[in-house]
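Here the structure is laid out as structure tokens; the discussion comes afterwards.
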Amino acid sequence: MADEIIVQKPAEPSTWTERLWRFAKSLLVGGVATVADFAALALLVEVAHLRETTANVPALCVGAVVQFLGCRHLVFQAARGHLGRQLAGFAVVELATLALNGVAFHLLVTLAQAPYWLARPLGTFVVFAGFSYPLWKWVFRSSLKQLAAK
């Protein structure tokens, strides 16, 4: 029995203030990821002299890595979860998020006739709050539940 390892998963926030704090941490991580994305884009374009269209995808990947690490370590405290499972789940959610952001932007600009500079953050926030964040909770929590069951 002395060789048993007890794994405790972080408790799901029980109060609305704890849930709001976790949501705010996720927004903060998203902001840092956006800054990292933009900084990488600027460095690749201005220093490495890549075309903007060539630099776009690697810069987005930098932002995604920052987002994943921030969610895993800071927001959901799931660092002991299965890395491969978390990466796969996060990647699937991010691909769907990309598509939903495109649809939201299109609808806001064409149907609602919102200016692009308002449509981008508004559409992105709606997709984040209604899709990405809830699914990230599942991605990181389900990994920890499987770890705890072992």
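Among (1) of a type in the set (Ser, Thr, Tyr); (2) within 12 Å of the chain's Cα centre (by Cα); (3) not in a helix (DSSP H, G or I), there is one condition residue 14 misses while meeting the rest; what is its number?
(2)
Each row is one residue, and each column tells you yes or no for (1) farther than 21 Å from residue 29 by Cβ; (2) free of Cβ contacts under 8 Å to residues at least 24 places away in the same chain; (3) touching a Pro at 6+ places or on another chain (Cβ under 9 Å).
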residue: 47; (1), (2), (3): yes, yes, no
residue: 55; (1), (2), (3): yes, yes, no
residue: 67; (1), (2), (3): no, no, no
residue: 87; (1), (2), (3): no, yes, no
residue: 126; (1), (2), (3): no, yes, no
residue: 138; (1), (2), (3): no, no, no
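Which pairs have Cβ atoms under 9 Å, sit 6 or more apart or on different chains, and link a residue in the range 102-124 that is closer than 18 Å to residue 34 by Cα to one that is surrounded by 16 or more Cβ atoms within 10 Å (Cβ to Cβ) and among the charged types (D, E, K, R)?
From residues that are closer than 18 Å to residue 34 by Cα, the pairs are 105/120.
No lab work stands behind these numbers, since they all come straight from the coordinates. Everything numeric in this text was worked out from a predicted model, so none of it was measured. Neighbour counts run over all protein chains shown; Cβ positions are idealised from the backbone, glycine included.
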